[in-house]
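Below is one structure; the comments refer to it alone.
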Amino acid sequence: MPGTDVDHVVPDSLGGSSEMSNLALLCPFHHRQKSSSEGGTAAALARKSVLRPTPTHPALDD
């Protein structure tokens, strides 16, 4: 199938630009496949890490 969808090689959500050097043609199937995997990557990078103390059992507290 010919490339009919314009794709950002490095997506906007990961800091990519709309410059010609960052664009490529993909077929609709591969464009959907690539875009869906990138959404998860962007979400994971946006998540904040929270360090919580390890819980202990109340009966073991001094």
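Structure values in brief
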quantity: Selection status of S49, in a loop (DSSP other than H, G, I, E, B) and exposed (fewer than 11 other Cβ atoms within 10 Å of the Cβ); calculated: yes
quantity: Selection status of S35, of a type outside the set (F, W, Y), free of Cβ contacts under 8 Å to residues at least 40 places away in the same chain and open to solvent by 80 Å² or more (accessible area, probe 1.4 Å); calculated: no
quantity: Residue count for the stretch 1-31, restricted to those that are open to solvent by 90 Å² or more (accessible area, probe 1.4 Å), part of a strand (DSSP E or B) and in contact (Cβ under 8 Å) with a residue 24 or more places away in the chain; calculated: 0
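The values are calculated or read from the model by the stated rules, or taken from the named source; none is laboratory data. These numbers come from a predicted model, not from an experiment. Backbone-built Cβ (ideal geometry, glycine too); neighbour counts: all protein chains shown. The accessibility values were calculated without ligands, DNA or RNA, using every heavy atom of the protein model including side chains. Shrake-Rupley method; radii C 1.70, N 1.55, O 1.52, S 1.80 Å.
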